[in-house]
1. Could you look through segment 66-125, keep only residues that are among the basic types (Lys, Arg) and under 23 Å from the mean Cα position of the chain (by Cα), and pick out the one that is modelled with the highest pLDDT?
2. Could you check residue 202 against (1) more than 23 Å from residue 222 (Cβ to Cβ); (2) at pLDDT 70 or above and say which number it fails?
3. Among residues belonging to segment 47-98 that are in a helix (DSSP H, G or I) and in contact with a Lys or Arg (Cβ under 7 Å, 6 or more places away or on another chain), point out the one that is surrounded by the fewest Cβ atoms within 10 Å (Cβ to Cβ).
4. Residues to consider are 131, 72, 49; find the one that is touching a residue at least 40 places away in the same chain (Cβ under 8 Å) and over 23 Å from residue 267 (Cα atoms).
5. Of all residues in segment 152-168, count the ones that are among the hydroxyl-bearing types (Ser, Thr, Tyr) and farther than 15 Å from residue 66 by Cα.
6. Of everything in segment 314-331, what is over 18 Å from residue 213 (Cα atoms) and either among the hydrophobic types (A, V, I, L, M, F, W, C) or touching an Asp or Glu at 6+ places or on another chain (Cβ under 8 Å) (or both)? Give them in sequence order.
7. So for segment 236-243 (the condition being free of Cβ contacts under 8 Å to residues at least 40 places away in the same chain, exposed (fewer than 15 other Cβ atoms within 10 Å of the Cβ), within 30 Å of residue 63 (Cβ to Cβ) and outside the structural domain of residue 110 (by TED's automatic domain parsing)), does at least one residue qualify?
8. Restricting attention to segment 267-312, which residues are in a loop (DSSP other than H, G, I, E, B), touching a residue at least 12 places away in the same chain (Cβ under 8 Å), surrounded by 14 or more Cβ atoms within 10 Å (Cβ to Cβ) and of a type in the set (Gly, Ala, Ser)?
Amino acid sequence: MTISPHRPVLACALATVLLAGCQKEEEIRSYKAPKPETIKLNTPDLPASKLLAAILPRGEGAWVFKVQGPESQVAKHEEAFEKFLQTVRMSDNADEPIAWQLPEGWTREPGNNFRHATLRIAAKVENLDLSVSKIQGAEAASIRANVDRWAKQLGLPGATEADLKKYCTPFKTDGVEATLVKITGVSAGGGMGKQPPVPITPKAKPTPKVTYKTPDSWKEFDDGGGFSVASFKVMEGGQSAVITASPLVGNAGGIVANVGRWREQVKLPPAGEDEVRKAIRDITINNKAAFAVDLLGPDIPGAPRERIIGIIMPQDKFTWFFKVRGSADLVDKQQAALQAFAESIKLGVTTGANDGR
């Protein structure tokens, strides 16, 4: 086993011990924060995420255009997004039922079983993508249902009638009465963008000591400043998977909203709450209630089949998300390792000003 130190997590979450493990003391190395006057911690609740979307009714369903990412990035393309929507044209041609004019710098990539197309926005700079999807059925195309789901994905408590008026703006394109949606919240564990540092004074608040155990095959890496506080990669036979541990404030938008977002990551189609809940089962980790999730993406020709297995554990003021995402076969082999990792995690507290360092 390779024992890896953990970088700091939110100080106010550390008054309790998470997932007390059974490992021997000599198997664990701990990390203590250094002793400068100010320590910078990343806080998952601060970075804002923005969603821009458009719902264009068509027959018994609708066309949906959606882009989501760090607010600072998405906001720069808001005007271009709205102008782009004005170029959209729909037809009854089965080979090309919808067309548009791409803004300068945007590129189009092929779709799949669930996306008509993926549009890359300023790919060289920000790696934002805009999904173009055709959804069928009145319920799936419901403005209220979609906006409510998107709001929950952004850590908001759904969408009331008053929220719909705030988030939605009617517009017309190609003679169609459509709806423009703009929502700003926080990403529920997606790791988008870097987080602004928050100064914490050790004399005023405790600093964390965190320990865990990992298999030798897991290699720690820097995920670029996302929401995870521990990130690992595992590779085998040309396949790869990424393992993350992320603590998010409160219920982080709710378990169903997060699992719905994970469905999108493995290219599963949008689904109602009842369908999403089918992937969630109750488990116990070190005598604490938790939830296990297993999502297998579709088998798409020319693309690797993806899978996510995850453990979600509410704990005091935070919800912890432990997740493996990657090639389906390799992810399947990591299930026992993920549970052992979650069970091994311990949080302790040191009082920066008085710990004798």
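The values are calculated or read from the model by the stated rules, or taken from the named source; none is laboratory data. What you see is a predicted model; the values in this text were computed from it and never measured. Glycine also receives a Cβ, built like all others from the backbone with ideal geometry; neighbour counts cover every protein chain displayed.
1. Filtering first and then ranking leaves 66.
2. (2)
3. Only one residue fits best here, namely 75.
4. 72
5. The qualifying residues number 1.
6. Matches in segment 314-331: 318, 325, 326, 327, 328, 330, 331.
7. no
8. 279, 297
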